[in-house]
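The structure appears below as structure tokens.
The values are calculated or read from the model by the stated rules, or taken from the named source; none is laboratory data. Bear in mind the structure is a predicted one, so any value in this text is a computation, not a measurement. As a convention, Cβ positions derive from the backbone with ideal geometry for all residues, glycine included, and neighbour counts pool all protein chains shown. The protein model used for the area step is the full one, side chains on, heavy atoms only, and it has no ligands, DNA or RNA in it. Shrake-Rupley method; radii C 1.70, N 1.55, O 1.52, S 1.80 Å.
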Amino acid sequence: MTTAATAAAAAALLAGGIAAGTAQAAGAAAAPATPTCAVSGLQITLDDNGTGGAQHGMNHEGTYLRFKNTTGKTCALRGYPGLGLEKAGHAKAATDVNWGSTYFAQDPGKKTVNLKSGASAWADLVWTHTGADAVHAKYLEVTPPAATGHRTLAFDKIVDNGTLNVTSLSATPPTTG
């Protein structure tokens with residue numbers, strides 16, 4: 001083989017190797033990301049996680065929001081749930097939502113929670129009930145992060161100023177106390 005032919009063969013092998021490596025890298029980059037959990041695939045409940053509703057103190061009350069994956073496939077949630085209060089007859093009530101630490105639990109920070117089938121993500125939900133410009137709520141709208149739809153839960157509570165405080169979602173129930 002001549003020097004020119006050897007150089008051409010080496011160039012062809014190198015180009016083929018680069019193309020194969022690029023295809024492998026593109027294949028790895030094209031691997032599907034974990035999809036965001038859809039509202040339809042989540043069971044959303046108010047849940048005291050066996051604490052017997054122990055989140056009470058100084059006119060504060062709280063519970064956990066639990067988002068359980070019911071799809072049979074892994075999905076992801078990241079961030080804070082959207083919340084809205086409704087009065088009797090499902091009339092919308094003015095609602096102010098504060099994201100971060102609550103009276104009972106530290107905010108875990110905005111992290112992606114990958115939920116396998118049957119697994120749950122949790123957030124701490126807290127409000128006060130002194131009667132100050134109180135909203136007499138009957139229902140709570142809960143919107144998962146990155147979703148446009150919501151679930152409506154029974155929520156017969158007095159909520160001062162319509163203000164709710166909620167932590168980011170985490171893979172474990174928030175530590176309270």
*Exposure ranking of I44, I158 by accessible area [1.4 Å probe, largest first]*: I158, I44
_For D160, distant residues with modelled amide H under 5 Å away_ = T128, H129, T130, G131, V135
*Net charge contributed by nearby residues that have their C-beta within less than 14 Å of A33 (K/R +1, D/E -1)*: +2
_segment 39-177 - percent of accessible surface contributed by carbon and sulfur, probe 1.4 Å_ = 48 percent
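How much accessible area per residue does segment 66-171 have, counting only protein heavy atoms and a probe of 1.4 Å, in square angstrom?
Working: 4980 Å² over 106 residues.
Per residue, segment 66-171 has 47 Å² of solvent-accessible surface.
How high is the relative contact order of segment 124-177, in percent, with contacts defined as C-alpha pairs under 8 Å that are six or more residues apart?
Values: 78 pairs, mean separation 24.9, N = 54.
That works out to 46 percent.
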*Under a straight-distance cross-link criterion of Cα-Cα below 27 Å, which lysines are reachable from K92, leaving out those fewer than 8 residues away in the same chain?*
K68, K138, K157
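Pick out, in residue order, every one of the trypsin sites (Lys or Arg not before Pro) in segment 91-164 that is DSSP loop and has at most 14 other C-beta atoms within 10 Å; say none if there are none.
Passing sites in segment 91-164 are K110, K111, K116.
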*At 1.4 Å probe size, with no ligands or nucleic acids counted, give the accessible surface of S117 in Å², nearest ten.*
70 Å²
*Net charge near T63: determine it from the other residues with C-beta under 12 Å of the C-beta of T63, scoring Lys and Arg +1 and Asp and Glu -1.*
-2
